[in-house]
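The values are calculated or read from the model by the stated rules, or taken from the named source; none is laboratory data. Please read these numbers as outputs of a predicted model, since none were measured by experiment. Cβ placement follows ideal geometry from the backbone for every residue including glycine, while neighbour counts extend to all protein chains displayed. Accessible surface areas use protein heavy atoms only, side chains included; no ligands, DNA or RNA. Shrake-Rupley method; radii C 1.70, N 1.55, O 1.52, S 1.80 Å.
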2 protein chains.
Amino acid sequence: MFTYQHLLSFTENILLAIGHSKKDATLGAKVLLSADLRGVDSHGVARLSGYVRLWEAKRVNAKPNIRIVHETPSTAVVDGDGGLGLVVAPYAMKVAIEKAEKVGTGWVSVKGSNHFGIAGYHSMMALEKDMIGISMTNASPLVAPTFSTTRLLGTNPISVAIPAKTQPPFVADMATTTAANGKLEILQRKNLEAPLGWVQEKDGTPTTNANGVKDGGALLPLGGDREHGSHKGYSLGAIVDIFSAVLSGANYGPWVPPFVAFLSPPADPVGEGIGHFFGAMRVDAFRPADEFKEHMDKWISTFRKAETVKGQDRVLIPGDPEREMEKERMESGIPLLPPVEKDLRELGEKLGVAF
Amino acid sequence: MFTYQHLLSFTENILLAIGHSKKDATLGAKVLLSADLRGVDSHGVARLSGYVRLWEAKRVNAKPNIRIVHETPSTAVVDGDGGLGLVVAPYAMKVAIEKAEKVGTGWVSVKGSNHFGIAGYHSMMALEKDMIGISMTNASPLVAPTFSTTRLLGTNPISVAIPAKTQPPFVADMATTTAANGKLEILQRKNLEAPLGWVQEKDGTPTTNANGVKDGGALLPLGGDREHGSHKGYSLGAIVDIFSAVLSGANYGPWVPPFVAFLSPPADPVGEGIGHFFGAMRVDAFRPADEFKEHMDKWISTFRKAETVKGQDRVLIPGDPEREMEKERMESGIPLLPPVEKDLRELGEKLGVAF
């Protein structure tokens, strides 16, 4: 177990060591660690050495000139200039929030970025302003559209955060696939099979092989197969790709660059870096904020109190599991798998940062 | 087989007969028939007599004063004044488009409405303006959240329409459940079983009983069960409900009034009527429209040309099946099931309108 502060400082020092400004290192570390706190271990500090390898390969710019390159009163395109998504995304979300303050809503599409951590961090930035926050990102292709054997989409997550009054906020944060890749990695480590509907083999056959993606297969869109609505998961992943990248001028579909340094980006890019999309809607641009939040309390408590199926003791509100995990890990610490700990120690030694 | 024109005129005359203005009757008929053209038979002219029964029960206002009750430069709340969703929704979508023309995007939440036909009609209104269109609606509760036995959400569809240049547009239009209720009705008529993952029994047991919902069970959120991501379908349905109704002041969750006259609305409403949510984003609020549309062409043709799994001859782009159906039915006519035809003839006789 490691304390949040321990891992936060280490991450900040690593980001400083590869040339980030103090401000960006602090912000990037906070965004990255929010994944570990919320239990999304695949998107947290376990990725840090991968980011450094991308920086070594000159695919991450530690001193990016992040800026608005086009705007209207309610929209903007932000160029991340190759920076870490961990710092590009909060910049862009802030632009969305500022626009919402002025004209009710703000919508920002981003190009030239990299992996942005968990989508929920960015959408939740809107909550303290009594706004609804939306965030999404495309990602390197691992997902085959319905009826196809070709990987054309990333796990392309969507997060929507909605404030309430006395209840904790509603925070959905989900990949548009049946299961996120992190869930598969857990099964791989434990040598377990995956449920049917998560993965297909290279030829498109449904499989329980948890290594199916590594073996040339693909993750499946939410729904799993046509009969169970995979065309809807495919549509959602496509919408995320288009909002994030075709609107901004980032790479989309099979052109999204991989987030690991040992795989080269496509030689014929159709845009710059990876893309994100953010939205902020001021609640009081629709009705008085207090009125809205009181009804959200009623919405949440109605769903929370609903009768459960046998064997389950409660109906969850989106965000409940992550919030409970955050509380627990803030108090008791964050567990790291032995290979992750080893990887971080080696990273510290290489860059002269004490772990 | 009936020609589009035949059913369109009949519908228009029925709407006139119950007191709609010429303009609203023409618009309402066009919106309703777009469902039949696009192959969504459950949402088309088959619903007409149900609308009339709701009007007889004074739950549809044929002369609504549809109006903006709150607005900012990029948002509005529209009060449908109990009108047919078929006329309220295009009004609200037009407001969204007009706001997008001025400030880049427009977002409209609607209360006091009724069933709005197919979501795709409204989102597609944005296409000719080189805008991305978004539409969603809540609906009477048939869907149980993950782990619950209680029906708290409607099938709450989402549609997103995105323009391209030479390719036909991308038009997703989907219920946030594994299968729409109309799909179940087809199985019921044919006395067939439903795939597991569509329906649960009253006690929450997964079932293949196509009459499970009628027997007190529930439709399942997209994903079907927790292992296959039903918490994501539940989150999506919840987001639609909140954007459509908690933002606007319509009824949400279990309070959404039923769209059949033989079921009474809840005695303790939390808002007015049912709710919708619309968005319009000007493409050139992000990047030049031509550039965007050329990349959309590339996106679409890349996905369309992707390799298929055995037994499938092509990868579909969202909107392909509906567009092909529309072409076919515009040419060859619209088939009606015998009970629907009988129902329409009786409706015509009752209101003195020739079928």
Number of the exception - B:ASP320 against (1) more than 18 Å from the chain's Cα centre (by Cα); (2) more than 9 Å from chain A (Cβ to nearest Cβ); (3) charged (D, E, K, R)
(1)
Within segment B:285-297, does at least one residue satisfy the condition of being surrounded by 20 or more Cβ atoms within 10 Å (Cβ to Cβ), away from chain A (no Cβ under 12 Å) and part of a helix (DSSP H, G or I)?
no
Within segment A:25-63, considering residues that are at pLDDT 95 or above and acidic (Asp, Glu), the one surrounded by the most Cβ atoms within 10 Å (Cβ to Cβ)
A:ASP36
Would you point out the residue of segment A:166-191, among those that are at pLDDT below 95 and part of a loop (DSSP other than H, G, I, E, B), that is farthest from the other protein chains (Cβ to nearest Cβ)?
A:ASN191
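Give segment A:298-317 a look and list any residue that's part of a helix (DSSP H, G or I) and at the interface with chain B (Cβ under 9 Å from one of its Cβ atoms), or say none. Let's see the steps before the verdict.
Within segment A:298-317, the subset part of a helix (DSSP H, G or I) is A:298-304.
Residues satisfying the conditions are A:LYS298, A:TRP299, A:THR302, A:PHE303.
To keep it simple, each residue is scored yes or no on (1) within 14 Å of chain A (Cβ to nearest Cβ); (2) closer than 24 Å to B:GLU349 by Cβ; (3) more than 18 Å from the chain's Cα centre (by Cα).
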{"site": "B:PHE2", "(1), (2), (3)": "no, yes, yes"}
{"site": "B:SER9", "(1), (2), (3)": "no, yes, yes"}
{"site": "B:GLU12", "(1), (2), (3)": "no, yes, yes"}
{"site": "B:LEU16", "(1), (2), (3)": "no, yes, yes"}
{"site": "B:THR26", "(1), (2), (3)": "no, yes, yes"}
{"site": "B:VAL31", "(1), (2), (3)": "no, no, no"}
{"site": "B:TYR51", "(1), (2), (3)": "no, yes, no"}
{"site": "B:PRO64", "(1), (2), (3)": "no, no, yes"}
{"site": "B:GLY82", "(1), (2), (3)": "no, no, no"}
Hey, B:PRO195 within 30 Å of B:VAL283 (Cα to Cα) and in a loop (DSSP other than H, G, I, E, B) or not:
no
Any idea which of (1) assigned to a loop (DSSP other than H, G, I, E, B); (2) open to solvent by 30 Å² or more (accessible area, probe 1.4 Å) is the one B:PRO254 doesn't satisfy?
(1)
Residue list for segment A:87-115, filter: charged (D, E, K, R), out of contact with any Asp or Glu (no Cβ under 7 Å at 6 or more places or on another chain) and either outside any helix (DSSP H, G or I) or surrounded by fewer than 24 Cβ atoms within 10 Å (Cβ to Cβ) (or both):
A:LYS94, A:GLU98, A:GLU101, A:LYS102
In segment A:329-352, is there at least one residue being in a helix (DSSP H, G or I), in contact (Cβ under 8 Å) with a residue 12 or more places away in the chain, more than 9 Å from chain B (Cβ to nearest Cβ) and within 27 Å of A:SER135 (Cα to Cα)?
yes
Can you pull out every residue in segment A:310-333 that is crowded, with 18+ Cβ neighbours inside 10 Å and hydrophobic (A, V, I, L, M, F, W, C)?
A:VAL315, A:LEU316, A:ILE317
Considering each residue of segment A:116-159, count those that are open to solvent by 10 Å² or more (accessible area, probe 1.4 Å) and within 13 Å of chain B (Cβ to nearest Cβ), and give that number.
12
Picking from B:ASN181, B:ASN138, which residue would you name as being among the polar types (S, T, N, Q), more than 16 Å from B:LEU236 (Cβ to Cβ) and touching a strand residue (DSSP E or B) at 6+ places or on another chain (Cβ under 7 Å)?
B:ASN181
Do the conditions hold for B:LYS214, that is, is it at pLDDT 95 or above, of a type outside the set (Asp, Glu), outside any helix (DSSP H, G or I) and open to solvent by 50 Å² or more (accessible area, probe 1.4 Å)?
no
crowded, with 19+ Cβ neighbours inside 10 Å and either without any contact (Cβ under 8 Å) to a residue 12 or more places away in the chain or of a type in the set (Ser, Thr, Tyr) (or both): does that describe B:THR208?
no
